[in-house]
Amino acid sequence: MNKKFFIMTCALCCVLCLLPLDSYARSKNEQVEEMSALKGPKKTIAVMEFENKAGADSQWQLGTGMAEMLTTALVNTGRFIVVERQAVTDVLKEQDFGASGRTTEVGAAKIGKILNSQILVRGAITEFSNQTSGGDSGIGYMGVSLGMSSSKAHVAVNIRIFDSVTGEVLDSMRCAGTAKSSGASVGYSGIVNVGGSGFAKTPLGKATQQAIDEAVAFITAKMNNVPWSGKVVSVKGDIVFINAGQNSNVNPGDEFTVYKKGEDMLDPDTGASLGCEIKKAGRIQITSVEEKFSKAKAAAGSAASFATGDIIKLD
């Protein structure tokens, strides 16, 4: 083994262990534990790549890294089905292609139907700084430097929640984090994996995680006010199939109201969807649950009155 590499590795491990706690010392799961227990099915969220407006060096892969951190944090709450960022990007590309007129109407992806997600989350990184003072960089190897210094990091993002069908902004919030450290420090001069284990131990990583946790708390609170909805997949005899199962926290015995969708209401000036009329058709009770779908029976009304595409809600 290369002697210089061995010494550098040992020194790096020692520094990471000696890094002091900063002003943000809460565990990553603490905010999740403070949330009330989930009631009803999980709602679906799509997270887009963050826009970098902070002017940080291009070597920091901010947009992708912070979107992945938010995705992971939302999944860890156990309250949402989170659509992968790459999947959203692929669907948007398919929608653009469908809207171009170069495909048949039957095969075209519909604008606004982003993998059935109810909410679309976008982030804009507005502040991203790391101020270091004190001694020189000390030992350096492969883009990582060790030294004695004090650091103050600050990160801020603007989070916006959109209705995935209408594109309407439902709410927005500035989420920020600040962290400090002094003594032994780790610095980066190469491409940084935002969200990686090494990054997480730095003041900048801790400040970023604080901003992400604040965003999760904000999104969770706002999603409590967004009613859950699903769809009838098919009806076979007395059995009604719906598009929500174990992954959506649906359980045997749960009851939902079934609605018939009426005419879409479109704004005459913009063409934007204003919603649609719905008419109550009856109720169903879940009898058995699979991973991604469930079977139900009519609890009010008749299964024969339900059809593919009917809306189901937790009233």
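The values are calculated or read from the model by the stated rules, or taken from the named source; none is laboratory data. What you see is a predicted model; the values in this text were computed from it and never measured. Counting neighbours? That spans all protein chains shown, and the Cβs are built from the backbone with ideal geometry, glycine included.
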When the residues of the stretch 113-140 are filtered to those that are within 13 Å of SER151 (Cα to Cα) and in a strand (DSSP E or B), which remaining residue is modelled with the lowest pLDDT?
GLY134
Filter the stretch 289-315 down to the residues that are basic (Lys, Arg), modelled with pLDDT under 95 and outside any loop (DSSP other than H, G, I, E, B) and list them by number.
LYS313
Just one of (1) at pLDDT below 70; (2) at positive phi; (3) not charged (D, E, K, R) trips up ALA184, so point out which.
(2)
Restricted to the stretch 244-271, and to residues that are under 25 Å from the mean Cα position of the chain (by Cα) and surrounded by fewer than 16 Cβ atoms within 10 Å (Cβ to Cβ), which residue is nearest to SER164 (Cα to Cα)?
ASN247
Testing GLY195 on (1) closer than 30 Å to PHE306 by Cβ; (2) modelled with pLDDT under 95, one condition comes back false. Which one is that?
(1)
Counted residues in the stretch 277-291 being loosely packed, with under 14 Cβ neighbours inside 10 Å and under 30 Å from the mean Cα position of the chain (by Cα) come to 4
Among the residues of the stretch 247-288 satisfying the criterion of being of a type in the set (D, E, K, R), at pLDDT 80 or above and touching a Leu at 6+ places or on another chain (Cβ under 9 Å), which is nearest to ARG79 (Cα to Cα)?
ASP254
List the number of the failed condition for GLN210; all other conditions in (1) touching a residue at least 40 places away in the same chain (Cβ under 8 Å); (2) under 26 Å from VAL83 (Cβ atoms); (3) surrounded by 13 or more Cβ atoms within 10 Å (Cβ to Cβ); (4) outside the structural domain of ILE45 (by TED's automatic domain parsing) hold.
(4)
Any residue in the stretch 277-284 that is in contact (Cβ under 8 Å) with a residue 12 or more places away in the chain, under 15 Å from SER234 (Cα atoms), not basic (Lys, Arg) and not in a strand (DSSP E or B)?
no
Quick one: VAL240 ticks every box in (1) closer than 26 Å to VAL169 by Cα; (2) touching a helix residue (DSSP H, G or I) at 6+ places or on another chain (Cβ under 9 Å) except a single one, so which number is it?
(1)
